[in-house]
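Q: Submitted below is the structure of interest, expressed as structure tokens.
All of the numbers you see were taken from the coordinates with simple rules; none came from a lab. As the structure is a computational prediction, the values presented were derived from the model and not from experiment. With ideal geometry, Cβ positions are generated from the backbone for all residues, glycine too; neighbour counts draw on all protein chains shown.
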Ligand code: HEC
Ligand code: HEC
């Protein structure tokens, strides 16, 4: 009797400490309230085609450089978490296939959908983008050049990139990231149109 009471007390205490830790973290993370995106057609009045192309890419960059995307496109072996992009806790690594080391697979915690009551995001393909697709710490100009280089995009040409950004379920997740997480700016459709406008105007890049 006495033993089980102690256990209950211990568990309640541990759960409380965890909850406080989570709340504390939410509080110190800077809030990125959801930003809007300028619609692609509002760039039509820029007559110089190169200037227009770059302006469209810079607008799309609000999404590309948002924590919802960059946390999964890190330049190290470790994912990042939250809007403050802190290193993932517990320590997990990309692993050979992007889904973690053998003893600590992403699926241990990340399931096929967001798990809101525990605050864990989810998706059937949850995993890190390969090293060649790292965006963390890169300038927008560098990300732009990288997106045009099939050697670094998993052999995708621009048409395939345009398709990926409006159909891939990990990309779409960034607009439905689960409770307590800010979505990427604008809508996925607006983002797709900005990149399409960029490609159609010559896919020019900002200076790196
Ligand atoms: C032991 C459990 C656990 C494992 C294993 C795990 N994660 Fe997580 N992960 C979490 C939790 C919990 C959160 C939510 C943290 C928060 O938002 O405060 C999270 C959040 C994330 C986020 C942040 C999403 C965002 O933008 O807010 C990314 C990215 C991520 N995990 C990637 C991975 C990858 C990739 C793997 C496998 C290599 C992995 N995780 C393995 C528990 C885990
Ligand atoms: C849960 C992790 C995760 C999130 C979140 C995520 N990605 Fe990715 N991304 C990946 C993985 C894994 C790949 C590699 C998939 C493949 O090659 O089939 C990838 C590949 C890509 C590619 C292919 C080409 C390249 O060079 O990067 C693009 C484009 C891309 N992601 C865009 C985005 C955008 C835009 C967002 C945010 C709106 C985003 N991703 C969010 C994991 C993620």
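Q: Can you give me the distance in nm between label points at residue 168 and residue 132, each placed 7 Å from the Cα along the Cα-to-Cβ direction?
A: Taking the simple label geometry, residue 168 and residue 132 are separated by 1.3 nm.
Q: What FRET efficiency would be calculated for the residue pair residue 48, residue 97, taking the C-beta separation as r and a Förster radius of 41 Å, to the nearest 0.05? The partial results should precede the final answer.
A: Details: r = 44 Å, r/R0 = 1.08.
Once rounded, the FRET efficiency stands at 0.40.
Q: Follow-up question, since we're still on this one. Expected output is a single nm value to one decimal: the length gained when fully extending between residue 157 and residue 36, i.e. 0.36 nm times separation in residues minus the C-alpha distance. What is it?
A: Details: separation 121, 0.36 × 121 = 43.56 nm, distance 2.80 nm.
Here the segment from residue 157 to residue 36 would lengthen by 40.8 nm.
Q: So how far, in whole Å, is the C-alpha centre of segment 102-145 from the one of segment 162-208?
A: If you average the Cα positions of each part, the centres end up 16 Å apart.
Q: What distance in nm lies between label points placed 7 Å from Cα along the C-beta direction at residue 111 and residue 78?
A: About 2.7 nm, to one decimal.
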